[in-house]
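Colleague: Mind having a look at this structure? Questions to follow.
Read-outs throughout are calculated quantities, based only on the coordinates presented, and are distinct from any laboratory measurement. In this text, all values refer to a predicted model and were calculated from it rather than measured experimentally. As a convention, Cβ positions derive from the backbone with ideal geometry for all residues, glycine included, and neighbour counts pool all protein chains shown.
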Amino acid sequence: MIPSFTLTDLIKGLSVKLQGDPACVIQGLRPIHLAKTGDMTFLNNSLYRKYLATTQASAVILTEKDAADWQGNAIITDNPYFIYAKIAAFFEHTIIPAREIHPTAVIGENCRIPENVTIAAHCVIGDNVTLGQEVSIGPGGIIGDGVQIGDQTVLDAKATLYHGVVIGKRCRIASGVVIGCDGFGFANHQGGWHKVPQLGGVVIGDDVDIGANTAIDRGALEDTILENGVKLDNLIQIGHNVRIGANTIIAGCTAIAGSTVIGKNCMIGGASCFAGHINICDQVMITGMTAVTKSINEPGIYSSGIVGAVPNHEFRKNNARFHRLESLMQKVKQLETDLKAIKERG
Amino acid sequence: MIPSFTLTDLIKGLSVKLQGDPACVIQGLRPIHLAKTGDMTFLNNSLYRKYLATTQASAVILTEKDAADWQGNAIITDNPYFIYAKIAAFFEHTIIPAREIHPTAVIGENCRIPENVTIAAHCVIGDNVTLGQEVSIGPGGIIGDGVQIGDQTVLDAKATLYHGVVIGKRCRIASGVVIGCDGFGFANHQGGWHKVPQLGGVVIGDDVDIGANTAIDRGALEDTILENGVKLDNLIQIGHNVRIGANTIIAGCTAIAGSTVIGKNCMIGGASCFAGHINICDQVMITGMTAVTKSINEPGIYSSGIVGAVPNHEFRKNNARFHRLESLMQKVKQLETDLKAIKERG
Amino acid sequence: MIPSFTLTDLIKGLSVKLQGDPACVIQGLRPIHLAKTGDMTFLNNSLYRKYLATTQASAVILTEKDAADWQGNAIITDNPYFIYAKIAAFFEHTIIPAREIHPTAVIGENCRIPENVTIAAHCVIGDNVTLGQEVSIGPGGIIGDGVQIGDQTVLDAKATLYHGVVIGKRCRIASGVVIGCDGFGFANHQGGWHKVPQLGGVVIGDDVDIGANTAIDRGALEDTILENGVKLDNLIQIGHNVRIGANTIIAGCTAIAGSTVIGKNCMIGGASCFAGHINICDQVMITGMTAVTKSINEPGIYSSGIVGAVPNHEFRKNNARFHRLESLMQKVKQLETDLKAIKERG
C-alpha cells in the first residue's frame, strides 16, 4: 500500500541532474525539518536552508548552489519547487471518479455529453449543455442551461455554473464556487434601486483554477473573462465585466470591482481590493491587503495600507496621529516659515 | 432568434424624449465604445463621453445636455442609467422556470405551497413552510422548517434558508447564500468558549437582492433585519442582530459585526468592515475598504484606511514612518518649543 | 406552546446566587432595554447598565456589583454572559433531527455508520467513511471518501468535506462550509503555473465551531490543524498547513495564509489578514482589520491599519499626506539640523 519509487523512477523525463544513488528508494515526501529516512524533501525557501545540515531525508531537491552544502542524494535543478510539484504527483492519492452518470443526476434536454464523463450523485444539468471529454462534475453540482465545459475540466462537489457560462479545458473548480451570478448593477430612481439586467456571460480559458466559495459575476453587457492559466484562490469576488490576463495568480479573499482589467502574469496578494473601471498592466505584483484605487501602467510591486501589527497602545497613538496628519504638516510648514524668517533676520 | 425592437417599442410607458427616427430598429445593446449599427447604447459616466463622437450606435440614451453633442437617434432623460435598465429588460434571455415541483424535491409536512411555484430538482423543503405566489426555488435549494417566502421571490440554485427565516416579496437570492445560520456568540468560562444559543430569526423585507455566497446570521435574541429594497453584493457577512435600513446598498466582501444598525439610503463601498454595536444614520456613504469603528450621526461621505497603491519601496518607507508617527509628532513639538525659545530670546 | 420555567428550574446545577422570588415564572428572554414582564434578561456590557433603572424584566442575570442597583429578582454571578448562555438553552427551539438515513441519501461502500445518526435528504457519502454516535449531516451534505466524524458532531445543510478530512466530537459546521479543498500551491515554470499536489489532510479537534461559507484548505504535505475548542465565524479563509491552537476564536472574513501557526487562547478580530509562514504565540488578541505580517512572540493586544471612519474630505488630505510621510520626515530632519546650527551659532 505504501508507494515506493527509486530516484530513477521519479526523475524520468525531467531536466535535472541526479547526485548520489539512482536506486535509492523513496516512500514519501516531507518538509525538510520533518523528513525521515525514506522521505524525499525539497529546499526552495532560504528560511529553511538551516535544516539542510540536520535533515534525515534520503534525497533532497535543491539548486546547484545549495547542493554544495549537501553530501546525500540530490536532484539538482534551477527550479526545485517546480520539480517537486512534478515528483509529488507520484504520491498523490488520485481518486479517478467512475466514468458514469449517477442515476440520481438530473439531466436536461439537448445536451452533448460524451460517454467518458463523470456526473456524480444529485447533480442537476440544464438543457443544451455541452461537456468535453473526461469532464468530471462532483456530487451536487449545478450546471445551468447552455453551459459549455472543455475536455478534462474537473468540478469538485457543489460547484454552481449559471446559464451560458463557458469554461475551457483542464480547469479545476473547487466546491462552493459560483460562476455567472448576476453582477451588482442597480440604477437609482426616486430613492429606490432598480435592477439593471445582466446580459453578458462568463468566459473562462484553459488551465484555470478557481478556489472554494469564490464568486464570479456574469457581465452586464459584455462577458467577464478569465484568460488561460489564471489561478484564483478561495473566497475571491470577481465583479461583472472584469477581465483577468493569462497566468495571473490571485490569493484568497481579494475583491475586484466591476469593469476592472488586470493584465497578464500579475501576482495579487490576499485580501486586496480593486476599485472598478481601472486598468492594471501586465507583470504587476500587488502585496496583500492593498487597496488599488487607480490604474497602474508600469510593471512593478505596488502596495498600500498599513501593515505590520504592533502593540495596540502604540497603534492607537499613531492611528490618532494619522487622523491629524494634515495639521502636523501645517505645523511643520509654520516651523519652516519661522525658521526662514529667523535665518533672514540673521 | 435575434431580438428586434423599434425605438417606439422600447420607450413605451417611459418618461423620455425621443429624438430622431421612432422606427429605427434596435437588435442589441453594447457599451458606447463597442456599439455597432443596430445597437443601442447609453451614456451615463462622463469618462465615456469622449466616445460619443465616434460611436456607431444606432441610438443613444443620454441627458439633454449630452444630447447637444449627438446628432443621431436619441432617448433623452435625466437618468440614462435607469432608462437603460428598463430598456435592457427587453433583451434579457429570461428563463421562465417550469411551474412545477420536480419529482426529486423532498417536501416536508404541513407546508402551504401554491400551485404556481417552482421547486427545482433536489430541493429539500422542511415542515410548515409557506411559499407565496410564483415563488421559484432553484436546484439544490434548502428551505428550513417554518420558513416563509413572499410572492415572486426567486432563489437561485443552492441557496440555504435556516429554520424560521422570513423573506418578503420580489426578492432575489443568489447561489450559495446562507441565511439564518447561528450568530457568533460564545461566552468564555474558565478558558473554554461556550455557545450562546441563538434564539432570534432573520426577517427580510420586499425587493431585497442578496449576492452569491453571502452569509446572514440569525439574531441572538431579537431578529436580524434587512428592510425593503436593501441590495447586498457577493460574499458579505452580516452578523447577528444587525439591522439594515431600507434602500441601503452594500458592495461585495463587506463585513458587519453583530448588533450594528445601518440607516436607510446608505451606500457602502466594498470590503468595508463595521465594528459591532454601532449606529450609522441614514444617507451615509462609506468608501471602499473603510474600517468603521464608531457610530456616525451625520449624513455624508466617510472613509478610513490608506488607499491608493504606490510602488512598494515608497510604501515601505511611509509604512515604517507611520509606525513612528507619534515620535515624529514629539520631534515637531520639540522644534516648536526650541523655536519659541529662540524667538523669545530674539 | 410558550415555554415557562421558574427561576428555580432555570438555575438548577449552576453556581449562582438567587435574589428574590424562586417561584417567579420566566416565559422568554429579551435584551435589557426591550424586556417585558415575564422575561429574563442579563447585564453584561456596561453600555447597557443605564437600562437597569427602567427595564421591566422579571429577573436579571448580573454581577454582585450591578445587583446593588437592582431591587428585583436577580441571578447573581461573576460571569453573567456564561450563565445567560446556559439558561438560554432552555428557550432554544431545538429541532432534533430524525435519527434516520433519508432514502434519497447516497451512501458509499465500506462505511461505518451507527444506527443513531441522521443523514438527511440528498446527502452524498463517499466510501470508507466513519461516523460517530449521533452524528447529524444536514440536507445536501457531501462527505468525501475516508472522512471520519466524531460523536455528536452536527453538520448543517450543504457542508462539504473533501476526502480524508478528520473531525472530532461535538463540532458544529454551518452551511456552505468547505473543508479539505486543495491548498493554493503553484510552481512557476517558464511563465506558467503548475499545480503542486496537495498531499496533506485536515484534522479538526473536538468542540470546534465553523461558520457559514468558511473554507479550510487541506495541507500541502502535513495536515492543516484546528485544535480543540477553536471557534471560527463565517467567510474565513484558512490556508494549507495552518495550525490554530486550542480555544482560539476568530471573527468573520479573516484570511490566514498558508503555513502560519496561531497559538492557543487567541482572539482574532474580523477581517484581519495573516501573512504566511509566521508564528503567533498563545494569548494574542488582534483587533479587527489588522494585517499581521510578522511573527508575534509576546502575549498582548496588537493592531495595524487605519481605523475610524472620518469625513471623506479630511480623509483624502490625510491619505495624501501619508503617501508623502517620508518627505515630511525629511523636512523635520532638516528643521532639526537648521535649528541646531542656529543654536550653536548662538
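Colleague: Let me know the Kirkwood hydrodynamic radius for segment B:135-244, please, with Cα pairs as the basis and the value in Å to one decimal. Can you show the working numbers first?
Modeller: Numbers: mean 1/r = 0.0724 Å⁻¹.
Kirkwood hydrodynamic radius for segment B:135-244: 13.8 Å.
Colleague: Another question, if that's okay. Average partner chain C-beta neighbours within 10 Å, per residue of A:91-104? Please list the in-between numbers first.
Modeller: On the way: counts 3, 3, 6, 1, 6, 0, 0, 0, 0, 0, 0, 2, 1, 8.
What the average comes to for A:91-104 is 2.
Colleague: Just need the Rg to Rh number for segment B:208-346, please, alpha carbons only, Kirkwood Rh. Write down the numbers at each step before the final one.
Modeller: Details: Rg = 20.8 Å, Rh = 17.3 Å.
With Rh from the inverse mean 1/r over Cα pairs, Rg/Rh is 1.21.
Colleague: Give the shape of segment B:205-288 as rounded, prolate or oblate, defined through the alpha-carbon gyration tensor: a ≥ b ≥ c are the square roots of its eigenvalues, a/c under 1.5 means rounded, and otherwise the shape is prolate if a/b is larger than b/c and oblate if not. Don't skip to the end; give the middle numbers.
Modeller: On the way: a/c = 1.16, a/b = 1.13, b/c = 1.03.
It is rounded, given that a/c, with a ≥ b ≥ c, falls under 1.5.
Colleague: What are the principal axis extents of the Cα atoms in chain A, in Å, biggest first?
Modeller: Computed over the Cα atoms, the extents are 88, 68, 36 Å.
Colleague: Cross-link candidates for A:Lys340: which lysines have Cα within less than 27 Å, leaving aside residues fewer than 8 places away along the same chain?
Modeller: Partners found: A:Lys331, B:Lys331, B:Lys333, B:Lys340, B:Lys343, C:Lys317, C:Lys331, C:Lys333, C:Lys340, C:Lys343.
Colleague: Please sort A:57-65, B:227-235, C:22-30 by packing, taking for each peptide the average over its residues of neighbouring beta carbons within 10 angstrom, highest first. Don't skip to the answer; put the middle values down first.
Modeller: Values: A:57-65: 21.6, B:227-235: 25.4, C:22-30: 16.8.
Highest to lowest by the protection proxy: B:227-235, A:57-65, C:22-30.
Colleague: Picking from B:Tyr51, B:Gly308, A:Asn241, whose Cα lies most toward the positive end of the charge dipole for the protein assembly as shown (charges on Cβ: Lys, Arg +1; Asp, Glu -1)?
Modeller: B:Gly308
Colleague: Report P(r) for segment B:1-159: all Cα-Cα distances, bin width 10 Å, range 0 to the bin holding the largest distance, values in whole percent.
Modeller: Going out from 0 Å in 10 Å bins, segment B:1-159 shows 10, 32, 15, 17, 18, 6, 0 percent.
Colleague: Rounded, prolate or oblate: which one fits segment A:14-70, using the alpha carbon gyration tensor with axes a ≥ b ≥ c (rounded when a/c is under 1.5, else prolate when a/b beats b/c, else oblate)?
Modeller: On the way: a/c = 1.72, a/b = 1.09, b/c = 1.57.
The shape class here is oblate.
Colleague: Kirkwood hydrodynamic radius of segment A:37-112 from all distinct Cα pairs, in Å?
Modeller: This gives a value of 15.4 Å.
Colleague: Return the lysines within reach of C:Lys86: Cα separation strictly under 25 angstrom, same-chain partners fewer than 8 residues apart disregarded; answer none if there are no such residues.
Modeller: Excluding near neighbours in sequence, the set is B:Lys195, C:Lys12, C:Lys17, C:Lys36, C:Lys50, C:Lys65, C:Lys169, C:Lys231, C:Lys264.
Colleague: Rounded to the nearest 5, what % of the DSSP beta bridges within chain B are antiparallel ones?
Modeller: Details: 9 of 74 bridges.
Around 10 percent of the beta bridges assigned by DSSP in chain B are antiparallel ones.
Colleague: Using unit Cβ charges (K, R positive; D, E negative) and no other charged atoms, how large, in debye to the nearest 20, is the dipole of chain C about its Cα centre?
Modeller: Numbers: 29 positive and 32 negative charges, 314 e Å.
Magnitude of the dipole: close to 1500 debye.
Colleague: What percent antiparallel are the DSSP beta bridges of segment C:174-283, to the nearest 5?
Modeller: Details: 4 of 28 bridges.
Looking only at bridges with both residues in segment C:174-283, the antiparallel portion is about 15 percent.
Colleague: Among B:Gln19, B:Ser4, B:Leu29, whose Cα lies farthest out toward the positive end of the dipole of segment B:1-71, if unit charges sit on the beta carbon of Lys, Arg (+1) and Asp, Glu (-1)?
Modeller: Projecting each Cα onto the dipole axis, the largest value belongs to B:Leu29.
Colleague: Let me ask you something else. Just the Cα atoms of segment C:85-163, one point each, no solvent: what log10 I(q)/I(0) does Debye give at q = 0.15, 0.17 Å⁻¹?
Modeller: Summing over Cα pairs of segment C:85-163 leads to -0.49, -0.60.
Colleague: Another one. Restricting the calculation to Cα positions, tell me the Rg (one decimal) and the Dmax (whole number) of the protein assembly as shown in Å.
Modeller: In order Rg, Dmax, the Cα atoms of the protein assembly as shown give 30.2, 97 Å.
Colleague: Hey, another quick one. Hey, could you get me the Stokes-Einstein D for segment C:51-93, Kirkwood radius over alpha-carbon pairs, 10 °C and 1.306 mPa s, rounded to whole µm² s⁻¹?
Modeller: On the way: Rh = 11.0 Å.
Once the numbers are plugged in, D ends up at 144 µm²/s.
Colleague: For segment A:77-122, which trypsin sites (Lys or Arg not before Pro) are both in a DSSP coil and crowded by at most 11 other Cβ atoms within 10 Å?
Modeller: Here no loop site has a sparse enough neighbourhood.
Colleague: Put a dot 7 Å past each Cα toward the Cβ at B:His313 and C:Gln330; how far apart are the dots in nm?
Modeller: 1.3 nm
Colleague: How much net charge surrounds C:Lys195 when only the other residues with a Cβ under 15 Å from the Cβ of C:Lys195 are counted, with Lys and Arg +1 and Asp and Glu -1? It would help to have the intermediate numbers written out before the result.
Modeller: Values: positive: A:Lys86, A:Lys169, A:Arg170, A:Arg172, A:Lys231, C:Arg218; negative: A:Glu92, A:Asp156, A:Asp206, A:Asp207, A:Asp209, A:Asp233, C:Asp182, C:Asp217.
Counting the neighbours of C:Lys195, the net charge comes to -2.
Colleague: How big is Rg to Rh over segment C:147-203, alpha-carbon atoms, Rh as the Kirkwood inverse-mean-distance radius? Before the final figure, lay out the partial values.
Modeller: Working: Rg = 15.0 Å, Rh = 13.0 Å.
Rg/Rh for segment C:147-203 comes to 1.15.
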